[in-house]
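Structure first, then comments.
The values are calculated or read from the model by the stated rules, or taken from the named source; none is laboratory data. Treat the numbers as computed from the prediction; the structure is a model and nothing was measured. Cβ: placed from backbone, ideal geometry, glycine included. Neighbour counts: every protein chain shown. Accessible surface areas use protein heavy atoms only, side chains included; no ligands, DNA or RNA. Shrake-Rupley method; radii C 1.70, N 1.55, O 1.52, S 1.80 Å.
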Amino acid sequence: MNTKFTAAFALCLVLTVFSGFAPPPEKPDPKIAQMLKDISAKNIETTILKLVSFGTRNTLSAQDNPTRGIGAARDYLYNEFQKISKDCNNCLEVEKQTFLQPQAARVPQPTNLTNVYAVLKGTTNPERVYVVSGHYDSMCTSPTNADCDAPGANDDASGTAAVVEMARVMSKQKYDATIIFMAVPGEEQGLLGATYFAQQALEKKMDIEAMFTNDIIGGVTSFKNAANRQTVRVFSEGVPSNETEQQAETRRGTGGENDSPSRQLARFIKETADVYSPKFGVTMIYRRDRYLRGGDHRPFLERGFTAVRITETNEDYDHQHQNVRTENGKFYGDTPEYVDYGYVANVTRINAASLARLALASARPKNVGMVTARLGNDTELKWDASTEKDIAGYEIVWRDTTSPVWTDAQAVGNVTNFVMKGMSKDNFFFGVRSVDKAGNKSPVSYPRPVR
Ligand SMILES: [Zn+2]
């Protein structure tokens, strides 16, 4: 054998060992694919134009005027969810969650705020919940000016319209877990609606397994010819916002600053887009949010929930948080002509496919541990057995420590521990995901060291 051939043979052998039971690449589920076809840019446009028609949706604006102000937007959204529910034999529980927000930096006097949401109950595991949100409030240049026009077509009628459209198409099917479609106010006042919902969820011990906020997904038309037009950004934090000092100490000793639950969720969304939306993709951004900025996922993260932010790739600051005006011949304002409804529909499809995959699959494995009882070149992982009825088994996934995404997977059957022979935990990152009988895969759980 010549040396070239020997090297090639050795490489093949290594690849065979490492990918021994590699599961086949995921094929689109026809039901999810159909749902994505149902998502309509026209419906999204209708919702955005209706929200804009209320003149302003500033959180401090009128609550009882039927045609102008945040109260009109609140009632419109509630009625839309009700209509959608009628069309699915009352499959949604539509709620108004009102609370009195005390005075705060951007709230000059105590003000009622109302989260509006629709709950699509899961069939087999209703206690497991996924939340998708947009904020329905808007602002002009000043967040406390309740009188100026604040169309907020992109920020964030776009995210709100995506949520309504998802409720419409997703409610035609059933899922193992519960999905909550939510529109919140008070984002521009300091993430107030989302904070209230997240705090209530924490106190009620709700099992929110993932939350996405869609905020500014309009694909602003001034960037129509940008090079990376066919993408949307998914922001995820690396180090968990609620990390304890002890967990930080473990992380410093083992790595994992790129493996928070939210980063796993971002990878899951990216993998989903790769399967269901080959022409319109996800750019993962390794930050909690845009530079020094905040969004409605943050109060969820701070309370230990897994959450990401979804935002258009290019933002145009002349058309966000601006009084509508022309100055020195230049137009400013967040008006509908700067929203690309087709772009919003594409972002909505990535959301919907990801949510459907999450809610159809079993929960991600719990208490995943990397066994460290002794030193060795094998890697042993263990986890809790799933209590879900349709569990088929688990996959171990891994990647090089420098890779942004999981590159390899091995099906290991319905077991609760597994040894990866000849693969050192020093040289790879590992994770575990669950697979149900229909082949649906959960997001990956990253192990912590256990004895
Ligand atoms: Zn916003």
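For the reader, a short list of remarks on this structure follows.
- Criterion (in contact (Cβ under 8 Å) with a residue 40 or more places away in the chain and on the phi > 0 side of the Ramachandran plot) met by exactly one of G152, G193: G152
- Residue satisfying condition, being part of a loop (DSSP other than H, G, I, E, B) and in contact (Cβ under 8 Å) with a residue 40 or more places away in the chain, within set N112, N145, N65: N145
- Boolean, S403 is at pLDDT 95 or above and part of a loop (DSSP other than H, G, I, E, B): yes
- Taken over the stretch 383-402, the residue count meeting the criterion of being touching a residue at least 12 places away in the same chain (Cβ under 8 Å) and within 24 Å of S236 (Cα to Cα) is 7.
- Residue within the stretch 129-136 that is open to solvent by 40 Å² or more (accessible area, probe 1.4 Å) and either modelled with pLDDT of 95 or more or out of contact with any Cys (no Cβ under 9 Å at 6 or more places or on another chain) (or both) present: no
- Some residue of the stretch 224-241 being within 16 Å of the ligand (Cβ to nearest atom), open to solvent by 10 Å² or more (accessible area, probe 1.4 Å), touching a helix residue (DSSP H, G or I) at 6+ places or on another chain (Cβ under 7 Å) and closer than 30 Å to D318 by Cβ: no
- Of the listed requirements (1) within 16 Å of the ligand (Cβ to nearest atom); (2) within 16 Å of the chain's Cα centre (by Cα); (3) open to solvent by 60 Å² or more (accessible area, probe 1.4 Å), E302 misses just one: (1).
- Identity of the residue in the stretch 129-169, over 19 Å from D296 (Cα atoms) and of a type in the set (D, E), that ends up farthest from the ligand (Cβ to nearest atom): D147
- Selection of the stretch 74-101 for residues being open to solvent by 80 Å² or more (accessible area, probe 1.4 Å) and over 14 Å from Y117 (Cβ atoms) yields K83, K86, D87, N89, N90, L100.
- Scope the stretch 406-451; condition in a strand (DSSP E or B), free of Cβ contacts under 8 Å to residues at least 40 places away in the same chain and surrounded by fewer than 14 Cβ atoms within 10 Å (Cβ to Cβ); matching residues: G413
- A single entry from I285, I269 fulfils the requirement of being crowded, with 23+ Cβ neighbours inside 10 Å and either in contact (Cβ under 8 Å) with a residue 40 or more places away in the chain or within 22 Å of A210 (Cα to Cα) (or both): I269.
- Test result for T124, more than 16 Å from the ligand (Cβ to nearest atom) and open to solvent by 10 Å² or more (accessible area, probe 1.4 Å): yes
- Within the stretch 178-211, the set of residues being touching a strand residue (DSSP E or B) at 6+ places or on another chain (Cβ under 7 Å) and within 14 Å of the ligand (Cβ to nearest atom) comprises A183, V184, P185, G186, E187, Q189, G190, L192, G193, A194.
- Listed conditions (1) open to solvent by 20 Å² or more (accessible area, probe 1.4 Å); (2) in a helix (DSSP H, G or I); (3) free of Cβ contacts under 8 Å to residues at least 60 places away in the same chain are all met by R168, apart from (3).
- Within the stretch 372-397, the set of residues being open to solvent by 40 Å² or more (accessible area, probe 1.4 Å), assigned to a strand (DSSP E or B) and among the acidic types (D, E) comprises just one member, E380.
- When we screen Y317, Y338, Y291 for residues that are in contact (Cβ under 8 Å) with a residue 60 or more places away in the chain, more than 14 Å from the chain's Cα centre (by Cα) and within 16 Å of the ligand (Cβ to nearest atom), the only hit is Y338.
- Verdict on V347 being closer than 17 Å to M139 by Cα and buried (at least 24 other Cβ atoms within 10 Å of the Cβ): no
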